[in-house]
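Novice: Encoded as structure tokens, here's the structure I'll be asking about.
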Amino acid sequence: MIIAVPTMNADGLNSAVYGHFGSAPFYTLYNTDDGALEIIDNTKKEHAHGQCTPAAELSEKNVGAVVCGGMGFRAINNLRGLGIKVYLADAPGSVDDIVALWKNSKLREISDNDACGEHHGCH
């Protein structure tokens, strides 16, 4: 499975997890089957609230799950509608930390109650 993690930088497994899905500078994609990495530059990170659409691009990359620190309700539903599960990264860290949590089944699926109402205050 390919998991996508919104990140602050493009440093592979060492990339710092970004606090919010839509405005992340990058998405680091990790293939849990073979360890392959791909980094996507989020060219749409500057957007009006609710107007970002990285979900479609992640779907085209066959992403099966997104792990993030915060996400709006609309983005959660968009991802779910594309068959992409969404998990919550409760603590800041690196992609490597997220991969370790994933491998040990320590991530929980995000609930509607976890959704951000704005870009601030939820993470």
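The values are calculated or read from the model by the stated rules, or taken from the named source; none is laboratory data. Bear in mind that the values here come from a model prediction, so they are computed numbers and not experimental data. So basically every Cβ, Gly included, is an ideal-geometry build from the backbone, and we count neighbours across all protein chains shown.
Novice: Just to check your reading of the model, which residue among 16, 4, 89 is under 17 Å from residue 114 (Cα atoms), hydrophobic (A, V, I, L, M, F, W, C) and touching a residue at least 40 places away in the same chain (Cβ under 8 Å)?
Specialist: Step by step, each of 16, 4, 89 is checked, and only 89 is under 17 Å from residue 114 (Cα atoms), hydrophobic (A, V, I, L, M, F, W, C) and touching a residue at least 40 places away in the same chain (Cβ under 8 Å).
Novice: Could I ask something else about it? Here is a list of conditions, (1) assigned to a strand (DSSP E or B); (2) in contact with a His (Cβ under 6 Å, 6 or more places away or on another chain), and residue 70 meets all of them except one; can you say which number that is?
Specialist: It is condition (1) that residue 70 fails.
Novice: For segment 20-30, check the following and say yes or no: at least one residue is surrounded by 15 or more Cβ atoms within 10 Å (Cβ to Cβ), touching a Phe, Trp or Tyr at 6+ places or on another chain (Cβ under 8 Å) and not in a strand (DSSP E or B).
Specialist: Among the residues of segment 20-30, at least one is surrounded by 15 or more Cβ atoms within 10 Å (Cβ to Cβ), touching a Phe, Trp or Tyr at 6+ places or on another chain (Cβ under 8 Å) and not in a strand (DSSP E or B), which makes the answer yes.
Novice: Which ones in segment 56-73 are at pLDDT below 90, of a type in the set (Gly, Ala, Ser) and under 9 Å from the mean Cα position of the chain (by Cα)?
Specialist: Matches in segment 56-73: 69, 70.
Novice: Among the residues of segment 22-36, how many are touching a strand residue (DSSP E or B) at 6+ places or on another chain (Cβ under 6 Å) and either closer than 18 Å to residue 102 by Cα or among the hydroxyl-bearing types (Ser, Thr, Tyr) (or both)?
Specialist: Of the residues in that region, 5 qualify.
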